[in-house]
1. Evaluate the following for residue 120: is it buried (at least 21 other Cβ atoms within 10 Å of the Cβ) and in contact (Cβ under 8 Å) with a residue 24 or more places away in the chain?
2. When you go through (1) within 14 Å of the ligand (Cβ to nearest atom); (2) part of a helix (DSSP H, G or I); (3) surrounded by 13 or more Cβ atoms within 10 Å (Cβ to Cβ) one by one for residue 22, which number turns out not to apply?
3. Residue check: is residue 38 over 23 Å from residue 157 (Cβ atoms) and within 14 Å of the ligand (Cβ to nearest atom)?
4. Quick one: would you say residue 158 is out of contact with any strand residue (DSSP E or B) (no Cβ under 7 Å at 6 or more places or on another chain) and within 16 Å of the ligand (Cβ to nearest atom)?
5. Collect the residues in the range 123-159 that are surrounded by 15 or more Cβ atoms within 10 Å (Cβ to Cβ) and assigned to a helix (DSSP H, G or I), keeping them in residue-number order.
Ligand SMILES: NC(=O)c1ccc[n+]([C@@H]2O[C@H](COP(=O)([O-])OP(=O)(O)OC[C@H]3O[C@@H](n4cnc5c(N)ncnc54)[C@H](OP(=O)(O)O)[C@@H]3O)[C@@H](O)[C@H]2O)c1
């Protein structure tokens, strides 16, 4: 049976989740409530039948599943506001970066099914990679939350201690991949394509490469071997990229992001 979902915090991610839920038909619009203080920015979702409100308490009272999607510094105040209505028959999912389940528990002082989920912005088009961990959840509740995020992309269950790493590889990873595509577009323009054609070729080629790995389960190097003719242009370009520190700079970038999140 379908559950009512409240998204507390209708910003970039909260709105993207609402859009994804609508597109996937996981929920009817009438079963979704989304909140923020300035509700005017959510008129598109309102027009599509989603309940838009600034009242977090009412949204929680009327819902079975609560998705918290606010900035980390806003969490304590909002949890204090809604904690009396977070009864143990509800499922609570936080997509907030860096706030531990134990920190949420310390504020709400109740034992209810608690999930942390780390999606990325591709959730708006049902192509997220979402890493999930949980506490006090039954198999049925875990299945429900996995199913919800599965409709919005792919899901993997991880230990909570890997949530920061998941933020880097999955959520920040969108930015790394887009910068890679942008660089290819710039190169493509220099070798003769107009910007629109270069964008399409670069983006579709990355999409195809990713699908090759996802659908076959092969290692990237196996697919690279198929493209690198001896003495050919691909290996010449790849080796030049490596001489310039391509793999090393990507690895160092991922680790620099991780060091930053781990420190802050
Ligand atoms: N963006 C990503 O790719 C991504 C991925 C994974 C996780 N996350 C995490 O998801 C969280 C949200 O990120 P975001 O990028 O969506 O941030 P955002 O765009 O700033 O959204 C936060 C929203 O919360 C609303 N808000 C603030 N106080 C509120 C209150 N008292 N009651 C109800 N709503 C309130 C704000 O709107 P008003 O000011 O109008 O209230 C704002 O629209 C962050 O913790 C982030 O780390 C983000």
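Taken together, the values in this text are just the output of simple stated rules run on the coordinates, not laboratory data. For clarity, every value in this text was computed on a predicted model and none was experimentally measured. In this analysis, Cβ positions are derived from the backbone assuming ideal geometry, glycine residues included, and neighbour counts consider all displayed protein chains.
1. Against the criterion (buried (at least 21 other Cβ atoms within 10 Å of the Cβ) and in contact (Cβ under 8 Å) with a residue 24 or more places away in the chain), residue 120 qualifies.
2. (1)
3. Yes.
4. Working: out of contact with any strand residue (DSSP E or B) (no Cβ under 7 Å at 6 or more places or on another chain): no; within 16 Å of the ligand (Cβ to nearest atom): yes.
Answer is no for this residue.
5. Those that are surrounded by 15 or more Cβ atoms within 10 Å (Cβ to Cβ) and assigned to a helix (DSSP H, G or I): 123, 124, 141, 142, 144, 145, 146, 148, 149, 150.
This table checks each residue for (1) touching a strand residue (DSSP E or B) at 6+ places or on another chain (Cβ under 7 Å); (2) within 11 Å of the ligand (Cβ to nearest atom); (3) closer than 30 Å to residue 214 by Cα.
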position: 72; (1), (2), (3): no, yes, no
position: 85; (1), (2), (3): no, no, no
position: 88; (1), (2), (3): no, no, no
position: 120; (1), (2), (3): yes, yes, yes
position: 135; (1), (2), (3): yes, no, yes
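The rows are residues; the columns are (1) touching a residue at least 12 places away in the same chain (Cβ under 8 Å); (2) surrounded by fewer than 15 Cβ atoms within 10 Å (Cβ to Cβ); (3) near the ligand (Cβ under 9 Å from one of its atoms); (4) in a strand (DSSP E or B).
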| position | (1), (2), (3), (4) |
| --- | --- |
| 46 | no, no, no, no |
| 52 | yes, no, no, yes |
| 57 | yes, yes, no, no |
| 67 | yes, no, no, yes |
| 75 | yes, no, yes, no |
| 78 | yes, no, yes, no |
| 92 | yes, no, no, yes |
| 97 | yes, no, yes, no |
| 106 | no, yes, no, no |
